[in-house]
Amino acid sequence: MPKLPTGLKTFEPSDTVRRIAQNENIEATDALFHGTNGHHHTGKAGDAPQIRSEGIAGGAVTTDKIAAVAVTGDKVARYTLCRRHLKSGRISGNIAKYKQVTVTAGQLSGLPTVPYFQSGLNDNFWALYSAYNPFPQSMTVALGAEYADMEGVSFEKGWNSDPKGFYVDVSSDNVNWRRAYSYTRSGSEEFPRYHPFDQAMNGSYVRLTVTAPNDQTGNAIIAGFGVYSRASQESSPDFRLEKGLLQYHDGSGWKGVGIKSVQRGATSISYFYPNGNGTLIRDVAITAVNPQKTFVNITTSGLSHWSQGSPLMDGSVCARLVGNNVVRFNFMEGFYEAYAEISWEVIEFA
């Protein structure tokens, strides 16, 4: 039964523990805490931050309390704890990944919403250069759906050209905007990668407006831009039902998933050379489809022969789309006599 530095004893699973040994551990524990008033969340000096029904009080968890201050040269990196995560118990997800953007000026290469940094590769960023672009300038992200509980934005490293100042607006219609956050840093402050909003916001568009470039480079480069929402894991707005059809959003717009429609029918086709009765071709009108996403299946039964005296053989019928609303069936040229019953289906994918 070795003793710990606190005076408490440990036991092996095979030990027979006497009551006196248990009492000794109780006495050692009491000695540790008897002279204290316990652990309190009053917010007073020496106590932990005050906890109310809405969670840890705003501003209670500061850098000096969590000792999260990193100093590198003349740069100071400060980190904070967002109480909204503690209150909800849900983890936010990046709802801006791969979403399309529009900008008012500057160089747009690829998608600044791609969620990773590509060092040395000349793509997936938005760049503003003081020599060519006056400030402020804006980038708008179309999220593709209405999201609730948007609570912050993040950035990847911008080639040492992180903006000195910016603000973020949110909108549900790309017309009426609400201010969610604003930021200006001092020359010695390390640029935070995550910026929590003052309060959670709802919307389907997020607009980043850069007000000042990096002090040292005179440029502002935005890469790996993310928007975070607690609703992302519950509502999964990258998929939706539209008029009974499943659709997904890949950043460029809503697109269908699976089969969009199936059209079926039956027809017949016959031809007799001596008197010219019938036809080699039969056209059937259908509801318009997208030919690039459509194929035709047919099942036939019938007979044909090449000449009056030739043996009968299975009738050969071809089918194809003509335009976007006609299915054409035809016998092979040169048949002397032919007849076929045809069942068909036209399948269009979303």
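Listed values, structure above:
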| quantity | calculated |
| --- | --- |
| FRET efficiency estimate (nearest 0.05) - Cβ-Cβ, T104 to A266, R0 51 angstrom | 0.30 |
| Cα-Cα pairs of region 178-217 separated by more than 11 Å (percent) | 74 percent |
| Gained length - Y183 relative to K157, 0.36 nm times residue gap less alpha-carbon distance | 7.7 nm |
| Pairs from K99/K157; K255/K293; K260/K293; K97/K255; K99/K164; K99/K243 whose Cα-Cα separation, in the structure shown, is over 21 Å | K99/K164; K99/K243 |
| Label point distance in nm, S130-V257, each placed 7 Å from Cα along Cα→Cβ | 4.8 nm |
| Global size of region 124-272 as Cα Rg and Dmax, reported in angstrom | 22.0, 93 |
| Calculated FRET value between Y248 and S138, using beta carbons and R₀ = 25 Å, to 0.05 | 0.35 |
| Potential extension, N325-D215 segment - 0.36 nm per residue separation minus Cα distance | 33.4 nm |
| Inter-label distance for V175 and M332, nm, one decimal - labels placed 7 Å from Cα along Cα-to-Cβ | 6.3 nm |
| Separation in nanometres of the label points that stand 7 Å from Cα toward Cβ, at R240 and S343 | 3.9 nm |
| Gain on full stretching of the segment that runs from K293 to F11 - 0.36 nm per residue minus C-alpha separation | 94.4 nm |
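Every number in this text was worked out from the coordinates using simple rules, so none of it is lab data. These figures come from a predicted structure and were not determined experimentally. Here Cβ is always computed from backbone atoms with ideal geometry, including for glycine, and neighbour counts include all displayed protein chains.
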